[in-house]
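S.K.: If you scroll down you'll find the structure; I have some questions about it.
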Amino acid sequence: MTSTSPQRSEKIQIKLFADPSALPPLESFIPVFHGWIRDKKLDELLIDVADYAHVHEGPGVVLIGHEADYSIDHADGRPGLLYVRKRGLAESSAEQRLIDAIQRAQRARALLEDDPALSGIRFSNDELLIRVPDRLHATNTDECFAEYQPTVEHALQSSSLNLNALQRVGDPREPLTVRATSR
Amino acid sequence: MSAANRKDASWKERLDGRMPEHLAREIDVFEGQIELKKQKKLDDKLFAETRLRRGAYGQRYDNGLRDDGTGQKPLAFPRGELTKGPDTVWDAPGMQRIKIPFGKLSAEQLEVLSDLAEEYSDAILHVTTRQDIQLHFIHIEDTPDMHRRLASVGITTREACGNSVRNVTACQFAGVCSTESFDVAPYAHATTEYFLGHPDVQDFGRKFKIAFSGCADEPCGLVTFHDLGAVALTQEIDGKIERGFRVVVGGGLGAVPVEAKVLREFCPAEELLPLSQAVARVFARLGEKNSRARARIKFLIQKLGIDEFKRLVDEERANLRPDERWNALLSDLSVTDEDPVRPAGDLPESSSPAFNAWAKTNLRPQSQAGYYVATVTLPLGDFTPKQGRALADLARTYTGDAMRLTVEQNIAFRWISGADAPAFFDKLAALGLAEPGASTITDVTACPGTDTCKLGIASSRGLAGELRKHLTVVQDQLDPAVRNLRIKASGCFNSCSQHHVADLGFLGVSRNVGGRKVPHFNVVLGGQWSENAKSYGTVVTAIPSKNVPKVVDAIAQKYAQEKHEDESFQQFFQRIGKSEIRKLLQPFSKPPSYEEDKSFYSDWGDPREYTIGDLGIGECAGEIVPFVEFGLQAAEQELHGAQDALDSGDSGAAAKAGLGAMVTAAKALVRYLDVQVRDDADDVVAQFRTHLHDTKLFHDPFAKGKFAQYLLITAANKTLDQADTEIARRTLDEAQLFLEAAHACYQRMEQQRASGGDSPSSPAGQPETP
C-alpha cells in the first residue's frame, strides 16, 4: 500500500462559502481582481485574471498569482472564495502553512466584503473547506484524513474561526477534502 | 517498504514500472535539461525548442511585463533573471499542450488529465481545434511529473509543439460513420507511432500537421488545410477491393491560407508511411529554415511547383531504405477498435423537449444499427476536473473507452445504445453538459486569444462567450438555415480557431481611433466547412469588437430573409457579393468616440483600456534549432551519465555510456549530411566511417582523424560492460575528445555552408539500400 503524508504538501486550498442570495454576478469580480493587481492589494505576485463564468460549477473568475490563485469558485453549486496555494513556504511546518493559507483567504474575504462594487457580499463563518490537491502526498481516504486531522485542528484553533467539527468529504478520486464546521 | 510506497516517494519512484520505458527515459532526460537550464548551462534557444517539443509553451506576459491598464509594469517573479527561452521568464506560467492522437481518449486517461488540471493548472481542461488538451498557468518545473503521470496512461507530450509532426488528427466518426470508405483511425495511429521521434522529422523549419478523413464529402477531417492530408478511398484492382488514400500536401491556414494540392490520387494503404516519410525528408532538406514566416511546407511547394515537388518526393521514395515498421504498424488494423459495453437499442420516443432538442443536434446514428455518437458540447472547449471524472464514469457505464475529442472543441461519445440515450442525457444534464446545438451557430469555436496567448491581438474567447450567450437566448427564433451556420473566432492571423472555413469567421485586429487603440475583428465570410473544408472565406471589413454581436444579427437576418430556397450561406454570399455585405455592415464599422462610450476601448471580459503592448513573440513557430545540436547535446548528457556511473563505481556502465555518447554524437553528424542512418550503433559507426572519416570531414586540421580512432576501433567491442576502471576512464576521456571534435566538425561544416562553398554533403550521395 502506498503511504501518503499530507503534511509534506505545499499545496493547500481553502474555500470560504458565500451567501448565494447576496452574491453579485460573476462579471463584477473581473474589474475587482484587475484592481487588486493594479493596486497591489496583496503582498504576493498577482499576474492575471481568467474568466470561466461560462463553465458550469467551475472556478468562475480566477485571479492568477505566482504563489496562489483566488477564485470565485462554484464547485458543487456552492459559490465561495477559493484560495489556492500552489507553492512556497516549503520550510514551514504543515500547521504554519495551513494557518498562513487560512489567514490569506480571510484577508481576501475582507477585501471583497469591503469592496463597494460587490455591495452586500457575505461569507459564512460557520463552515470552510480545506483541500490538499496533491495526490503524491495526500489521498482522499480515512487513513490520510486521520493523519492530517491534528494539523487541521491546531491550525483552526489558531484562527479566529470557531470551527471544531471535521469531516472528510467527497469522492475518493478527488483531492483530500476536509469540511470544518462549528459543532 | 519499496521506494514507490515510501512517504517521501517522488512521482518518478511511485510510477516506476508503470510507464513505457522509452517515455520514462525521455522524461528523465527532459528533467535533466531543466536542471541544466536552472544552472544556466543550456542555451536559451536550445532549451526553448527542447521544452516546446515536450509541449511546454510560453504564455502571455511570460516576458515578465504586463499592462495593468495604466501602463506596462514588471511582474516581479522570484527568479526574474532566470529564463526558459529568449525573453521568457522561468517562473512565468506557461501552457502544457497534450497530444491526444486523433482525439481518442480512455476513461482512465481522462481521469489523469483531470487530476493534472486540478493539481498543476487553474482547474480547467481545454480542448483545442486539433484534438489536443491544453492546461494553462503551469510552472515549467512541474512538467516532468505531469509528463510521468501522463506516460503512465500511455500519453506522451512529445512533439506536441516545436518544429516537428504535431498531433495527427482524424474525424471523430471514424469507424462508425456511414459515409466513410473505411476506418482511418488505425492509419492515423500508425502515422502517429511512425513519426513520433523519427529522425526524419526533427529537422524541419516549421511544424507539420497531418489529418485523416474517412470520406471526401464531410468536413470532419479537414484535410484541405493540412500540411499532409489523407482521404480514404477504395479501388478495385485485379478484381479486389484495395484500400488507399488520396494524399494532399501543402495546405495551411494562418495569414496566408492555402488549399492543399493533390500529391497522389490513389496511394495504396501500404504505401502511406513510406510516401509520408519521403514528403517529410524533402521538407526537412529543402524547406526554409531561416525565415519562420515562409517555413511551412506550403511555401516550399509554392516555390517548387507541385510537379517538381512530386518529382522530388518520387526520387526520395525510390531511395528510401526499407523500414520494417512501414508494414508492422499496419499489421493489426483492429488496434483502434472499440467494443460497445451496452447492447444496441432503438432510440425511444421522448416527451421531453429538452432531450428532443439535444438529440436533434447532438445525436448522430452510427453505421452500426442501434448505436449513436453523442456529442457533449463544451462551452469554449472548457470543462472542469470534476466534470472530467464524471464523464469518465459515463464512458465506463455507457460506451467503454470510446471518447474522441473533436476539432470543434467538444467530446464525442461513440457507441451509445439508442435505448440508453435518454439516461445518458439526464446524466449530462446533472453535470451541466447537456447543452444542445453541437455544430450549430451557438457552438462557437475560439482559440485562446488574448486570454493566454502571446500572439493574441483581440479577445476571441471573450467574443465567443458573448456570442454564445447572445445566440443561445435567441436560437429558437432563428431561421433553421441560420441555426446551422458555424462561427469561429481567432485572436490573430494565425487562425487557430480555423475561422477561414467558418460561415462567419472573425479574426482579431487592432485599429487606431482618435489616438487610442480599439479591438476589432475582421469579418471573414463564406468559408466552406463541408467537403473537408473545401474553400476559404474572404475578409469583408473590420468591425469594433463590441459591435460584432450586432453584425452577426444583421448578417443572419439578411441571409434568412433573402436566401433562395436551399441556398447555402456560401452561395448566398457569392451571389450578393462582398460590397452588398460591406454596405450592410457599414453602420457598425465605426466605434463611438472615447468620450461617448469608453466600453469600445476595452475588450470583452477585460476592463483594462485596450492595448497591444502585451503582445509577445509567439512560440508556435518554435525555435529553429538544427537536429545536429540536439544530438550533440544528448551526447553530452550521456557523457555526464557515464561520469556519474564511474563516480558510483560502475565501470562497465560508465564505459558503455561513454561509447554511447560517441555514437550519439556521430549519428548527429551523419544526419547533418542527410544520410539515412538506423539507430543501431553498428550502422551509425559504419555510416560515420564512410561519410565523415573516410571523406576527412571529421578530421581536425592538426590532429587529423585521431579523435575518431577510439570509436572506430572500440565500437565492435561488445564486452565493454565488463570494463575495469582504467578502461572506463580511458573511454570517458576519449568520448570527451570525440565530442569536442564533433562540435568543431559541425562548426566547420556550418561555416562551409554559410560561405557558400560546396555543401558538405556525403560525396557518395545516398548509400545503396540494403
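Just so it is clear, none of the values below were taken in a lab; they were calculated from the coordinates. Bear in mind the structure is a predicted one, so any value in this text is a computation, not a measurement. Every residue, glycine as well, gets a Cβ built from its backbone with ideal geometry; the counts of neighbours run over all protein chains shown.
S.K.: Compute the whole-percent fraction of alpha carbon pairs in chain B spaced more than 54 Å apart.
M.R.: Here the long-distance tail beyond 54 Å is 12 percent of all Cα pairs in chain B.
S.K.: Counting partner chain Cβ atoms within 10 Å of every residue's Cβ in B:118-131, what's the average?
M.R.: The shielding value for this peptide is 4.
S.K.: A further question on this structure: Consider just the alpha-carbon atoms of the range B:627-754 and return their Rg together with their Dmax, both in angstrom.
M.R.: 13.9, 45
S.K.: Apply the Karplus curve 6.51 cos²θ - 1.76 cosθ + 1.60, θ = phi - 60°, to the phi angles in the range A:89-99 and return the couplings in whole Hz, x for Gly and Pro.
M.R.: Using θ = phi - 60°, the values come out as 6, 4, 7, 7, 6, 4, 5, 5, 5, 5, 4 Hz.
S.K.: So which lysines pass the test for B:K303, namely a Cα distance under 29 Å, with those fewer than 8 places away in the same chain ruled out?
M.R.: B:K45, B:K207, B:K209, B:K261, B:K289, B:K534
S.K.: Let me know the mean shielding of B:61-67 by other chains, meaning the per-residue number of their Cβ atoms within 10 Å of its Cβ.
M.R.: That works out to 1 on average.
S.K.: Let me ask another. Let me know the volume per residue of the alpha-carbon convex hull for the range B:262-371, in Å³.
M.R.: Dividing the Cα hull volume of the range B:262-371 by its residue count gives 206 Å³.
S.K.: How many lysine pairs does the range B:556-608 hold where the Cα atoms are under 26 Å apart and the two sit 8 or more places apart or on different chains?
M.R.: Final tally of qualifying lysine pairs is 8.
S.K.: What's the local net charge at B:L15, with K and R +1, D and E -1, over the other residues with C-beta under 10 Å away?
M.R.: That works out to +2.
S.K.: Using only Cα atoms, what is the ratio of the radius of gyration of the protein assembly as shown to 2.2 N^0.38 Å?
M.R.: Scaled against compact globular proteins, the figure is 0.97.
S.K.: Partner chain Cβ atoms within 10 Å, averaged over the residues of A:38-50 - can you pull that number for me?
M.R.: That average works out to 4.
S.K.: Here's a follow-up. How much of the pair distance distribution for the range B:353-430 lies past 18 Å, counting alpha-carbon pairs only, in percent?
M.R.: Cα-Cα pairs in the range B:353-430 separated by more than 18 Å: 34 percent.
S.K.: On to the next question. Could you work out the helix-only [θ] at 222 nm for chain B, with each DSSP H run of four or more residues adding -39,500 (n - 2.57) and the total divided by the number of residues, to the nearest 500 deg cm²/dmol?
M.R.: Roughly -11000 deg cm²/dmol at 222 nm, from the helical runs in chain B.
S.K.: Scale the Cα Rg of the range B:65-185 by the rule-of-thumb value 2.2 N^0.38 Å and send over the ratio, two decimals.
M.R.: Output field value: 1.30.
S.K.: On the principal axes of its Cα set, how long, how wide and how thick is the range B:435-560? Give whole Å, largest value first.
M.R.: 42, 30, 27
S.K.: Express the C-alpha Rg of the range B:167-264 as a ratio against the empirical globular expectation 2.2 N^0.38 Å, rounded to two decimals.
M.R.: 1.11
S.K.: Sticking with this structure for a sec: In the P(r) worked out for the range B:3-151, what percent of Cα pairs fall beyond 27 Å?
M.R.: Beyond 27 Å sits 26 percent of the P(r) for the range B:3-151.
S.K.: Once both axes come from the Cα atoms, what is the angle between helix B:460-474 and the longest principal axis of chain B, in degrees from 0 to 90, rounded to 10?
M.R.: 30 degrees
S.K.: Still on this structure: Just the Cα atoms of chain A, one point each, no solvent: what log10 I(q)/I(0) does Debye give at q = 0.10, 0.20 Å⁻¹?
M.R.: -0.37, -1.48
S.K.: Any chance you could check the Cα centroid distance between the range B:517-581 and the range B:584-604 for me, in angstrom?
M.R.: Their Cα centres are 20 Å away from one another.
S.K.: While we're looking at this one, here's another question. Tell me the angle of helix B:353-362 to the major Cα principal axis of chain B, expressed in degrees between 0 and 90 and rounded to the nearest ten.
M.R.: 40 degrees
S.K.: When you have a sec, figure out the Kirkwood radius of the range B:169-328 from all distinct Cα pair distances and drop it here in Å to one decimal?
M.R.: The answer is 15.9 Å.
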